[in-house]
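Visitor: Dropping the structure in here first, questions after.
Since every read-out is calculated from the coordinates, none of them should be taken as a lab result. Just so it is clear, the structure is predicted and the values come from calculations on it, not from any experiment. With ideal geometry, Cβ positions are generated from the backbone for all residues, glycine too; neighbour counts draw on all protein chains shown.
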Amino acid sequence: MPLQPLLCGSKVASQSTLFASAFSARNNAGRCSFTGNSSVRGVRPVRFMKQASGSITSDEHGVFSETMDRSKHRTPNAYGGRAQEGVLEEESSKVIESRPSWKTFPGKAFPLGVSEVDSGINFSIFSRHATAVTLCLVLPERGSIDTLSGGMIEMVLDPGLNRTGDIWHIYIEDLPRSNVLYGYRIDGPQDWGEGHRFDSSVVLVDPYAKLVEGRRYFGDISMKLSKFLGTYDFDSLPFDWGENYKPPNISEKDLVIYEMNVRAFTNDESSGLDSSIRGSYLGVIEKIPHLLELGINAVELLPVFEFDEFEFQRRPNPRDHMINTWGYSTINFFSPMSRYGSAGGGSVNASREFKEMVKALHSSGIEVILDVVYNHTNEADDANPYTTSFRGIDNKVYYMLDNNGRLLNFSGCGNTLNCNHAVVMELILDSLRHWVTEYHVDGFRFDLASVLCRGIDGSPLNAPPIIRAIAKDAVLSRCKIIAEPWDCGGLYLVGSFPNWDRWAEWNGKYRDDVRKFIKGDYGVKGSFATRVAGSSDLYRVNRRRPYHSINFVIAHDGFTLRDLVSYNLKHNEANGEGGNDGSNDNFSWNCGFEGETDDASIRALRSRQMKNFHLALMISQLDARKSDHFRFFSKVIKYRHAHEVFSHESFLSKNDITWHEDNWDNHDSKFLAFTLHARSGADIYLAFNAHDYFIKALLPTPPQTRKWVRVVDTNLKSPDDFVLDGVHSIENTYNIAPYSSILLEAKFDFVLKG
C-alpha cells in the first residue's frame, strides 16, 4: 500500500477525543464549533499591527473585523462547515498603504500547525492557559528572518472568535503559499509557582511547524543570535519516490546498524567532497559506496530535528566556546535540520534533500533509523532559559513540574517533556507518523526512553500510555522501535522496559559485561557468555526475541573504541565541564600507558583489543553497532551476514551451541570457548582469551567430512587476521595469544584438499 504524506492531513476524528475534556471545560458559546457549522454574529475584531525592526509601533495599526454579510465564503474541505466572510475596515490611508489587503476568517482547530485550504492558509496552535495569542508573519518581500527589515505583521486573535477549546486558529485568504515565516506571541498568567512561563516579548516557533527557518549555514558566527521561525511550502511538487521504489524491510534479526552524525560523517576535507555538500544529507549519498563496502545495512542518524548549534554561546558560561554538533537539543519535532541541507539552501531544500538521502539509501538496501529526543527540548532550565517554543506556549502542559511549579529534570538538560500528558503524547505520535509517511524512515531510537515511562508527576509507570501507543500504532507498525532504557533520574530499565513484545532495547549490560571480559576483569566469564548468547536472562520473556537486545560496545556517549583501549580515565578538559560530563564507569583499559604512545607493543595490544571487541560484537546474538579498523570490521560484518548461526530467530538451545567449559565457577578464569552449530554442518568455533598469557586450547572434533580452518585470529596482522577462505592445517589444538580471539569454521575436507 503506497505511503501517503501527512503534511496537511486532517486527523479530526482521532484528535477529537484528545481534546474533548478541554472543550467541555469551557463555555464555547459564540465560538465556531469543532465539527459543525459556524457563523459570526456581530463584530469580532482581529487586530492588525506592523512591527518594524523588532519593536511594536502602537500608532501604526489597523483592525480586521468580522461582520454579517450576505456573501458567504465556503470553508475549506479540511474543516467542514461554513464561516462568514470577513471584510477589512479601513481606518486611515496610512494604514491602507502599509498593510496587505487580506480577508480573514475564524479558521478551524484541526489540523494543528499550518494547512492550505482552497485559496488561503489556516493557522492553528494549542495553548490551554494562554489569555492572548498573536500570529506573527514575515512576508517574502518584507525582509529576512534575521533583520525583519521590512517589518513583522502581527494579528491579535480574538478569543471569542479564534479559539475553540484550547486551540487558537485563524484562516487568511490569499496569503502566499510559500516563503512566509511565522510564529506566535503568547501571553498568559505570570505565576511561576503555578508553572506558567508566558513571555509575550518572544516570538515562538509553532510546535507543529513542518519546516523551520534559522541561520542558513551551520556554525555561521555572524548569525549566532539568529531567530527561528516556522515556514511552509505548498508550491513545490510532491517528492518523486520513483515508480519502483520500496523500502528495504530488513528483518530485525539481520540488522547491523551504523551510528553516525550527518554533519560529522562528511564535513572534513578528507571526505573528498565538494565544500557545498560536505556535512549535508547529500554528502551522505556520496558515501553510500563506503557504507556498502563496510557491510552495514542500516544507519542510525544522530538527531536530525531542527536544533541551534550555538545554544551554548547565548550567555557567558564554561562551554561558551563550543558548538553543539550532536543535536540532542530539539527546537521542533517535525522539521529536518535545515543546516544539514547543502549550500545554505534553507529548510525547503533541506527537506527535499533529506528525502533524496533516504531514497538513495533505500535503493542501496540500507535502512534509516532516527535517533529521536522526546525526553527534553532545547529550552533548558529556569536559571538560564532559552525560550523558543513550548515553554512560552504552555509550560505547564509541555513540561513535568513539581508541586511548586518548578521544572523536573530527569533528562540532565534542565527540563523534562511531559510525554504522558494527552496533548504531548499526541504531539509525539504525530511527529513519528510524519517522519514515517513524509520522509519514509524505517525506525527510531528513543534517547533516554525511560523518561517516556514516567507520569505527569515524574513517577514511573508500569504501562506508560505513550509507550503502548507507539507499539500499537498502525502507521508505525513496520518501524523498528528501540529504547535507550534509562534516564538521568535513575530509572534503569534494561531488560524490563515496557515493550508489548515490540520494543527493542539498547543493552547496556551487554556493553558493560563485554568490556569487562575483553579487558581482563576477573569473575565475568559467565556474564560474557550470557551476553554473546543473546542475553536470555533479560529478554526471554513473553514473545520477546534475541533481536530485542541491541548489542553495542561503543556509541556516541562516552569513550570511542580507540579511547576504550587507550585511557583508564576521562580526559575531557577541553569542553569546560571540569570532567563532570559522561560516565565515570567506562570499564576501559589503557593497555599499559595512559593516552597516546609510540610503544610498539602497546599499540599492537590496543589493535588486538579493538578487533577482539568487534569480533565479540559480530558473533553475538543478534544486533550490532559500529566500530573502526575498516578492512577487518568490514570482513567480519560480511561474514556475519553470510552465516545463519549468528542470526537465530529464537534464543539458543543446547542443539545450537556447545560450551567447551568445565570451569564456570573459577573466579580467575578469563578464557571462554564455544561452538555454534549450523544446520548445514558448517559449525563455528570461537575462543576468547583475556589472560595475559597464551592458552593452548583443545579443539572439539569437527562434523564428519569437515576440518577446522582458521578465519580469524586477532593476534595476527592484516591481512592474516581475517582470511575468508580459511587457513587450513589446523591440528587438534590451537595456541591462543594473550588478549586475543579466534574464529574457526568447519569446512568440507575435499574442499581443503582441492
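Visitor: Return the long-range amide H neighbours of Phe552 (sequence gap of 5 or more, or a different chain), with a cut-off of under 5 Å between placed amide H atoms.
Guide: Under 5 Å from the amide H of Phe552: Asn507, Arg511.
Visitor: Working out 0.36 nm times the residue gap between His290 and Asn666, then minus their Cα-Cα distance, what length gain in nm do you get to one decimal? List each step's numbers first, then the result.
Guide: Working: separation 376, 0.36 × 376 = 135.36 nm, distance 4.42 nm.
This chain segment gains 130.9 nm when fully extended.
Visitor: Let me ask something else. I'd like the trypsin sites (Lys or Arg not before Pro) in the range 494-566 restricted to DSSP loop residues with at most 16 other Cβ atoms within 10 Å, sorted by number.
Guide: Arg540, Arg543
Visitor: With a cut-off of 8 Å between alpha carbons and a minimum separation of six or more residues, what is the relative contact order of the range 424-529 in percent?
Guide: 24
Visitor: Take the Cβ-Cβ distance between Asp220 and Asn584 as r, set R0 to 45 Å, and report the resulting FRET efficiency rounded to the nearest 0.05.
Guide: Here the calculated transfer efficiency is 0.80.
Visitor: Test of understanding: what is the full-extension gain from Glu594 to Ser496, defined as 0.36 nm times their sequence separation minus their Cα-Cα distance?
Guide: Once the chain is fully extended between Glu594 and Ser496, it gains 31.6 nm.
Visitor: Another question about this same structure. With 10 angstrom as the radius, rank Val553, Val723, Val284 by how many other C-beta atoms surround their C-beta, starting from the fewest. Working shown, then result.
Guide: On the way: Val553 24, Val723 15, Val284 29.
Least crowded to most crowded, the residues run Val723, Val553, Val284.
Visitor: Counting only Cα atoms, I'd like the Rg/Rh figure for the range 529-595, Kirkwood definition for Rh. The partial results should precede the final answer.
Guide: Values: Rg = 16.1 Å, Rh = 14.3 Å.
Radius of gyration relative to Kirkwood radius: 1.13.
Visitor: Turning to a different aspect of this structure: Could you derive backbone 3J(HN,Hα) for the range 690-707 from the dihedral phi with the Karplus parameters 6.51, -1.76 and 1.60 (θ = phi - 60°), listing whole Hz in sequence and x where the residue is Gly or Pro?
Guide: 9, 6, 9, 9, 5, 10, 8, 8, 7, 7, x, 6, x, x, 4, 6, 10, 10
Visitor: Can you tell me the relative contact order of the range 361-496? Whole percent, Cα pairs under 8 Å, sequence separation 6 or more.
Guide: Relative contact order, the range 361-496: 26 percent.
Visitor: Taking the Cα centroid of the range 532-560 and of the range 471-493, what is the distance between the two, rounded to the nearest whole Å?
Guide: Here the two parts' Cα centres lie 14 Å apart.
Visitor: Here's another thing I want to ask about it. Which length gain, in nm to one decimal place, applies between Asn568 and Asp382 when the Cα-Cα distance is subtracted from 0.36 nm times their residue separation?
Guide: Length gained, Asn568 through Asp382: 63.3 nm.
Visitor: Which FRET efficiency, nearest 0.05, do Arg319 and Phe694 yield, Cβ-Cβ r, R0 56 Å?
Guide: It comes to 0.70.
Visitor: Taking a quarter of the surface of the Cα convex hull of the range 650-753, what do you get in nm²?
Guide: Dividing the Cα hull surface by four gives the mean projection, 7.5 nm².
Visitor: Now a separate question. What's the FRET efficiency of Trp326 with Glu731 using the Cβ-Cβ distance as r and R₀ = 45 Å, to the nearest 0.05?
Guide: According to the calculation, E is roughly 0.35.
Visitor: Sort Ser280, Ser450, Ser270 so the one with the fewest other Cβ atoms within 10 Å of its own Cβ comes first.
Guide: Ser270, Ser450, Ser280
Visitor: So what's the range 519-664 giving for Cα Rg divided by 2.2 N^0.38 Å, two decimals?
Guide: 1.18
Visitor: Still on this structure: Under 5 Å between amide hydrogens, which residues at least 5 positions from Phe444 or on another chain qualify, with H placed 1.01 Å from N in the peptide plane?
Guide: Leu370, Lys480, Ile481, Ile482
Visitor: Below 14 Å, Cα to Cα, which aspartates and glutamates can Lys210 reach? Residues fewer than 8 away in the same chain don't count.
Guide: Within the straight-line cut-off, Lys210 pairs with Glu116, Asp233, Glu306, Asp430, Glu438.
Visitor: Which whole-Hz ³J(HN,Hα) couplings does the range 483-488 yield from phi under the Karplus relation 6.51 cos²θ - 1.76 cosθ + 1.60, θ = phi - 60°, glycine and proline marked x?
Guide: 9, 8, x, 7, 9, 8
Visitor: Continuing with this model, one more query. How big is the Cα convex hull of the range 377-487 in projection, averaged over all directions, in nm²?
Guide: Values: hull surface 28.2 nm².
So the Cα hull casts an average projection of 7.0 nm².
Visitor: Determine which residues of the range 377-402 fall in the zone a paramagnetic label at Glu194 would reach in this model, i.e. backbone nitrogen under 15 Å from the point 7 Å along Cα→Cβ.
Guide: 394-397
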